[in-house]
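Below is one structure, written out as C-alpha cells; comments come after it.
The values are calculated or read from the model by the stated rules, or taken from the named source; none is laboratory data. Keep in mind it's a predicted model, so treat the numbers as computed, not measured. Every residue, glycine among them, receives a Cβ derived from its backbone with ideal geometry; neighbour counts consider all protein chains shown. What goes into the accessible areas is simple: the full protein's heavy atoms, side chains included, and nothing from ligands, DNA or RNA. Shrake-Rupley method; radii C 1.70, N 1.55, O 1.52, S 1.80 Å.
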Amino acid sequence: MTYDLAVIGGGVHGSTVALFAARGGMKVVLIERGQLCREASGVNAGTLTMQMTRVALIPYALRAHAMWASARDWLGHDVGVVVCDGLSLAFTAQEEELLTFRAGKRREAGAPIELISGAQACAVEPGLSAGVRLAGYCKVDGYANAYLTGLAYRRALLEAGVDLRENVPASGIAREASGFVVETPQGPVRAKRIVLAGGVWIEPMMAWLGIHLPIKTLVNQLVVTERVRPVMRTVVGIANGLLSLKQYPHGTVVIGGGWQGVGDRARGGVELLPDRIIGNVRLACHAIPDLKASRIARAWAGLEAETADALPAAGPIPGIPDAYVCGSVHSGYTSGPYIARLLADRILGREPDLPLFPIDRLLAPRGVSEASQ
C-alpha cells in the first residue's frame, strides 16, 4: 500500500497537517515514536499569548488563537481552552522601556496590545503586586490544558481515517520512483509525500535526506503548585519574557518562563536546576504576592526546538520534490495549528492564506555544508 502522505512526528504540527490532509481527501499515515503530543506539545505551559510571540508571527498567532478558541468546532474535542485577558508587567524603568518597545512592535503587527498604568493593571488583575509600573494589556490571550492535547488529536485523527501509528520510531527515509519509503520496526511504509514534523528531532530527520538543518534544543523548566484558592484570573508575564503564569480552573498555578534545565535531544530533560526553579517561583510571587502561601506540587522539563533565526521551519524541503518540513515554531503551541494548517493547504494544492516559512534561508550553500560535516 502506498499512502498519499506520511507524516513523521505526532506533535501539534504533525497532527494538524495529518488531520487537515486527511479531511482534504488524502490517505494519510502518521508515525510517532511515542504517544501523540507527549513531547513539547504536551508538556509546555499551554500559553496562548501574543505578548511572548515573535513579531513576525503575530498574524499567524492571532489566527491560531482563534483556532484554539474554537477547538471544539474544528478539532471536535475539548483541550481545556480558556480565553482571558493577558498582562505583561514592568517593575523597573528599564522594563518599562523594553515593554513599550516590544508592545509597540507587536501592535504594529496587529496584536491588540495597549499600555496601561500599574493602577489600571491592578484593576484588571486585583492579585497583582503594587509594584507594577506599567503593563501591556491584551484581550486576545488565554491558555489550554496541554496535557489534553494528545487525547483530543488522537480522537480527531482516528475519526478522520488517519492510519495512526504510535510508539513506532522511524529510523530512516529512502526515495524510490513512486515517492518515499519510511523505515520502521513494523516494516517499510511507502508514501507519495512526506512531512517531517519531529520538533527538536527535525535535525536528525533531515540528515536522512542528506540535508543539514541546525535545530537548537531548549530545555524549559516548568512548575505547578498545589490547588489553591483563586489568586488570579489573567495570564501574567513580564517584559523580559522570563515569566509565564496562569491559574487553571481547578486551582493549580503553572509557572514558566523559559528558565533552562539540563538535557538534550538524545536524553530529553534529565535534570532540573533548583536555583532556577527558586528564581522562577520568586518572580511569580513578586508578580502575584498571594502565591507565597502555595506549595510546589511538581516540576518538570520539556524540550523546545528553535531555528537559528527563531522563526519556523515550515514548507517544502529544497531539492526534494514532495518532501516538507513543519516545526520549530517559537511559542509553537500558540501558533502551531495555524502554521501546520497552511502547510496542509499547500500539500493539498491550495494557496495558503499567509506565506509559509521555507527553510532555504537556514541552509548553508551546499559546498559549505558538505565541507563542514
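With the full set of protein chains in place, find how many percent of the accessible area of region 1-121 is carbon and sulfur; take the probe as 1.4 Å. Carbon and sulfur atoms account for 49 percent of the accessible area of region 1-121. Measure nothing fancy, just the Cα-based angle from helix 12-23's long axis to the longest principal axis of the chain, in degrees from 0 to 90, nearest 10. Between helix and principal axis, roughly 50 degrees.
Apolar share of the accessible surface for region 164-286: 54 percent from carbon plus sulfur atoms, 1.4 Å probe. For the chain, the longest principal axis of the Cα atoms and the long axis of helix 58-69 meet at an angle of about 90 degrees.
Each Lys and Arg Cβ is given +1 and each Asp and Glu Cβ -1; about its Cα centre, region 72-210 then shows a dipole of about 420 debye. Note on region 157-309: Cα Rg divided by 2.2 N^0.38 Å, N the number of residues, gives 1.38.
Protein-only accessible surface at a 1.4 angstrom probe places the residues 70, 335 in the order 70, 335, largest first. Counting only Cα atoms, region 1-114 measures 63, 26, 24 Å along its principal axes, largest extent leading.
Among the protein heavy atoms, those of residue 73 account for about 130 Å² of accessible surface (1.4 Å probe, every chain in place). Legend: residues 203, 108, sorted from most to least accessible area (1.4 Å probe; ligands, DNA and RNA excluded), read 108, 203. Taking the 1.4 Å solvent-accessible surface of region 292-365 as the whole, the part contributed by carbon and sulfur is 50%.
Dipole of the chain computed with +1 at Lys/Arg Cβ and -1 at Asp/Glu Cβ about the Cα centre; of 90, 269, 68, farthest Cα towards the positive end is 68. A viscosity of 1.002 mPa s and a temperature of 20 °C, combined with the Kirkwood radius over C-alpha pairs in the Stokes-Einstein formula, give region 98-220 a diffusion coefficient of 110 µm²/s. In a reduced charge model with +1 at each Lys and Arg Cβ and -1 at each Asp and Glu Cβ, the chain shows a dipole moment near 420 debye about its Cα centre. For the chain, the longest principal axis of the Cα atoms and the long axis of helix 332-347 meet at an angle of about 30 degrees. Evaluating kT/(6 pi eta Rh) at 25 °C and 0.890 mPa s, with the Kirkwood radius of the chain over Cα pairs in the Stokes-Einstein relation, gives 116 µm² s⁻¹. Above 19 Å, the calculated P(r) of region 247-300 contains 33 percent of its Cα-Cα pairs. Of the residues 77, 112, 25, the one whose Cα sits farthest toward the positive end of the charge dipole of the chain, with +1 on the Cβ of Lys and Arg and -1 on the Cβ of Asp and Glu, is 77.
Inter-part distance, region 228-303 to region 1-69, computed on C-alpha centroids, equals 24 Å. Using alpha-carbon positions, what is the distance between the centroids of region 72-142 and region 185-206, in Å? Region 72-142 and region 185-206 have Cα centres spaced 38 Å from each other. Calculated from the alpha-carbon coordinates, region 268-358 shows an Rg and a Dmax of 19.3, 57 Å respectively.
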